[in-house]
Structure formats: C-alpha cells, structure tokens
Amino acid sequence: MFKGNKLVVLLPITLMIFLFIGGGFYINQAEEVTNENLSEEVQWESTLEPGGNGASLTASWEWGHMPSDGLHGTDYIGITFLKDNGDPVSGSQVENAELLLHLNDGNERKLEPEATSDGVLFAVPNKMEENQTIGSSGTINVRTNSNLQNKRVVISYLHTWEEHGGLETSNTRFFDPSFHGDNSNSFYWVIENFVEHNSDAAEKESS
C-alpha cells in the first residue's frame, strides 16, 4: 500500500518537473532573436518639423534585443525627403546631416553621410569593439535648406550580418541593393519608416 501511494505522489511531481523544463526550453527558443528576425525588434522614434529654416528630421533607433548569432558586417541608413509629387530631394539640398552612435559607456560616435541624388546615406559599423556595442542604437539629425518645406521623409534601414565589401549602389531607398564581393543576397533585410509632419507614429514597412 505504501509503495502504491509513493508512486501516486512521485508521478505528478515528475510530470511537473518535465513540464517546467520543457516549458522553459520552449520560451527560450521562442524569445531567441537572430540577425534574420531582428527587424521585428528594431524600435524607431521620429519627428519631422518643417519651418522657416527648412525641414528638420530627428530620428533615433534601438534594437530591442541583441542577436544571438553575433554582430558582423556594415549597416546602412538612407534619409529621403519627398516632394509633394513623391519625387526625392537631392542630397545637395541637405544643409546639415549627422548620425550619433550611442555607446554602452554613455559616449557617442559621430558619423558623416554621403550625399546622393536622392538624399543622404550613412554607413553604420555593426560590431563589438572593446566591450562596446557599435550599431545597435543611435540618433540622426538632418535639416534641408530653407527653400524646402518637406512634410514627408523616408528612413530606410538596411541591416547585414555577414562581412562584405560595401554597398555598390547609392540609392537611399535600397531598391534591389548589391554588394561588392561574392556574397549572396540572403544576408540582409531592409525596413522603412515613413515620417510625416504632425504624425504621432511612423508607419513601418519591411521588405
């Protein structure tokens, strides 16, 4: 009788332990973030203010999680101001543009852009450097000249997770991007944020 009661007690306890371990494993697997699905974790805050001194964009991004498969390659962020007819504004009409990378120790690292025919383009390193995470968060400030009163801008973010020879094309929207070297086309994704004046939130689209 005692042995039978002991078995009745042990079986539920064993089952509970099994469910606890199995459930924890499932949760850990479900929460794992890789570079490939990191696009779902990137958080943006953006504002656009047209005024007498031109249109001013302030935008910041932050990864919600660090990818489990490490940091590799170079990322790119393109800023495209749009005219009323939808055409892009040339980078030559951008008066000021800077990107500040946020470091773990509270410091910042400044990056200068490349002016293109349809906006400005930043190359963002994506790596660990002396215990600093480079590329996981930052702030962008861009201002057009006083002749423009743009009320819409597109922030395009291209993320890579392999070493490559750099971006061949300079299109700020990253339509069909190509890279120097022998890389395949399976090591990047592109997300876009459309920011409008007086818009409370940015519309996010991914491709």
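The values are calculated or read from the model by the stated rules, or taken from the named source; none is laboratory data. What you are looking at is a predicted structure, and each value in this text was computed from that prediction instead of being measured. For neighbour counting, all protein chains shown are included, and Cβ atoms are generated from backbone atoms with ideal geometry for every residue, glycine included. Protein only, heavy atoms only, side chains kept; ligands, DNA and RNA dropped before computing areas. Shrake-Rupley method; radii C 1.70, N 1.55, O 1.52, S 1.80 Å.
What are the ³J(HN,Hα) values, in whole Hz, obtained from phi via the Karplus relation 6.51 cos²θ - 1.76 cosθ + 1.60 with θ = phi - 60°, for each residue of the stretch 34-50 in sequence order, with x given for Gly and Pro?
10, 4, 5, 10, 5, 4, 6, 9, 6, 10, 10, 10, 9, 9, 10, 10, x
For Glu95, list long-range residues whose amide hydrogen, built 1.01 Å from N in the peptide plane, is under 5 Å from its own amide hydrogen.
Arg143, Thr144, Asn145
Ranked by accessible surface with a 1.4 Å probe, highest first, in what order do Leu38, Leu71 come? Each step should come with its number before you reach the end.
Working: Leu38 0, Leu71 25 Å².
Reading off the accessible areas and sorting them downward yields Leu71, Leu38.
How much net charge surrounds Glu114 when only other residues with a Cβ under 15 Å from its Cβ are counted (Lys, Arg +1; Asp, Glu -1)? Could you put the intermediate results ahead of the total?
Numbers: positive: Lys110, Arg173; negative: Asp75, Glu98, Glu112, Asp118, Glu168.
Residues close to Glu114 contribute a combined charge of -3.
If amide hydrogens are placed 1.01 Å from N in the peptide plane, which non-local residues have theirs closer than 5 Å to the one on Asn104?
Here Thr133 satisfy the definition.
Residue-wise, which Karplus ³J(HN,Hα) couplings in Hz belong to the stretch 170-176, taking 6.51 cos²θ - 1.76 cosθ + 1.60, θ = phi - 60°, and x for glycine or proline?
10, 5, 6, 9, 6, 6, 6
Taking R0 as 30 Å, what FRET efficiency do you get between Asn37 and Asn147 from their Cβ-Cβ distance, rounded to the nearest 0.05?
My answer for the efficiency is 0.10.
Cross-link candidates for Lys151: which aspartates and glutamates have Cα within less than 14 Å, leaving aside residues fewer than 8 places away along the same chain?
Glu49, Asp84, Asp87, Glu196, Asp200
Leaving out ligands and nucleic acids, and using a 1.4 Å probe, what accessible area per residue does the stretch 63-207 come to in Å²?
49
Karplus couplings for the stretch 146-151 from phi (6.51 cos²θ - 1.76 cosθ + 1.60, θ = phi - 60°), rounded to Hz, Gly and Pro as x?
Going residue by residue, I get 5, 7, 10, 10, 4, 10 Hz, with x marking Gly and Pro.
Given a 1.4 angstrom probe, I'd like the percentage of the accessible area of the stretch 77-207 that is carbon and sulfur, rounded to a whole number. Before the final figure, lay out each step's value.
Numbers: 2530 of 6530 Å².
Answer for the stretch 77-207 is 39 percent, counting heavy atoms of protein chains only.
7 Å from Cα along Cα→Cβ at both Asp87 and Trp44: what's the point-to-point distance in nm?
Taking the two extended label points, one gets 2.4 nm.
The stretch 109-184: which GluC sites (Glu not before Pro) are DSSP loop and have at most 15 other beta-carbon atoms within 10 angstrom?
Glu130, Glu162, Glu163, Glu168
Using amide H atoms built 1.01 Å from N in the peptide plane, name the residues 5+ places from Thr116, or on other chains, whose amide H lies under 5 Å from its own.
Answer set, sorted by chain and number: Gly91, Leu121.
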